[in-house]
Amino acid sequence: MKALPIRLPAGLLLLAGFAAAQAVDLAPRVQALEQKLAAQKRVLNDFGGLIRYGSEDAEIGTPKPGENRVVFLGDDITELWGRGSATFFSSKPYFNRGIVGQTTPQMLIRFHQDVVALQPKVVVIQAGVNDLLVASEGVTAENFMSMVDIAKANGIRVVLASLTPVCDCYTKQTGLRPQGKIISLNGWIKDYAARSGAVYLDYYSALADGRNFKKELTGDGLFPNDAGYGVMAPLAEKAIAEALKK
């Protein structure tokens, strides 16, 4: 006897389709939450992030005679540089020491291991975007000053990079990182660079349209895309050259 096809009511079919669509929509959110949880576990086990580059640092020898070694110390913006088609100064003795999600107190903890121990001539410090979520400008400023003091005590020239802009052109970013706070902290960094003898690296002006991140230079309104890094690279090179002259 031939089985008769089962016909579901139209309402149930619509409900099933809606549930499937919701599951697809939730997948990126679940993945993001899992990544955030993994990051939090890493922080609990190693607050300063000393494990991240510890073994690599140990394998790096002393600079060659005449080598202008540079360390880029930073957060997401630094670590993500070179993940796409925009390479991270592949032909230069430049070391990327960025860690996604880090704040200035965490960078201060690993400053000796990831900067001083590598004996660079210049350190480029790019930080603050994550401090906006958890710290006051005063606390962030103190951490910047401590890192600069350590660098100067070890004969390392300093480049202080601005925070990059944000925009709501893809998703809401300005709620967590208000544009006014970014401008205020950049103003302090610029002033302190002048007072301390460091070089100020102004990424912000090149990446911003008014207060907003230029849409063509970011993929999410928070971090630069390959085009954004393409704008930043020559600015970094110019700042490093200026620091080497000091």
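In table form, for the structure just shown:
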quantity	calculated
When residues of the stretch 59-111 are limited to those that are in a helix (DSSP H, G or I) and of a type outside the set (A, V, I, L, M), the one nearest to the chain's Cα centre (by Cα)	D76
Qualifying positions in the stretch 130-170 - closer than 22 Å to Q113 by Cβ, part of a loop (DSSP other than H, G, I, E, B) and of a type in the set (V, I, T)	I156
Only listed residue being closer than 22 Å to G82 by Cβ, at pLDDT 95 or above and in contact with a strand residue (DSSP E or B) (Cβ under 9 Å, 6 or more places away or on another chain), chosen from G197, G98	G98
Every pair of residues 6+ apart whose Cβ atoms lie under 9 Å, when the first sits in the stretch 201-221 and is on the phi > 0 side of the Ramachandran plot while the second is at pLDDT 95 or above and among the basic types (K, R)	G221/K172; G221/K215
Sole residue being more than 20 Å from G187 (Cα to Cα), aliphatic (A, V, I, L, M) and crowded, with 18+ Cβ neighbours inside 10 Å, chosen from A86, A127	A86
First in the stretch 228-246 and among the acidic types (D, E), second anywhere and at pLDDT 95 or above, Cβ under 6 Å, 6 or more apart	E242/V199
Residue list for the stretch 207-226, filter: assigned to a helix (DSSP H, G or I) and crowded, with 17+ Cβ neighbours inside 10 Å	L207, L217
Hits in the stretch 227-246 (condition: among the charged types (D, E, K, R) and surrounded by 14 or more Cβ atoms within 10 Å (Cβ to Cβ))	E237, E242
Residue under evaluation Y192, criteria (1) among the hydroxyl-bearing types (S, T, Y); (2) in contact with a Phe, Trp or Tyr (Cβ under 8 Å, 6 or more places away or on another chain); (3) within 20 Å of F223 (Cα to Cα), criterion not met	(3)
P120, sole failed condition from (1) surrounded by 16 or more Cβ atoms within 10 Å (Cβ to Cβ); (2) in contact (Cβ under 8 Å) with a residue 60 or more places away in the chain; (3) part of a loop (DSSP other than H, G, I, E, B)	(2)
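The values are calculated or read from the model by the stated rules, or taken from the named source; none is laboratory data. All values derive from a computational prediction rather than experimental measurement. Note that each Cβ is placed from the backbone with ideal geometry, even for glycine, and that neighbours are counted across all protein chains shown.
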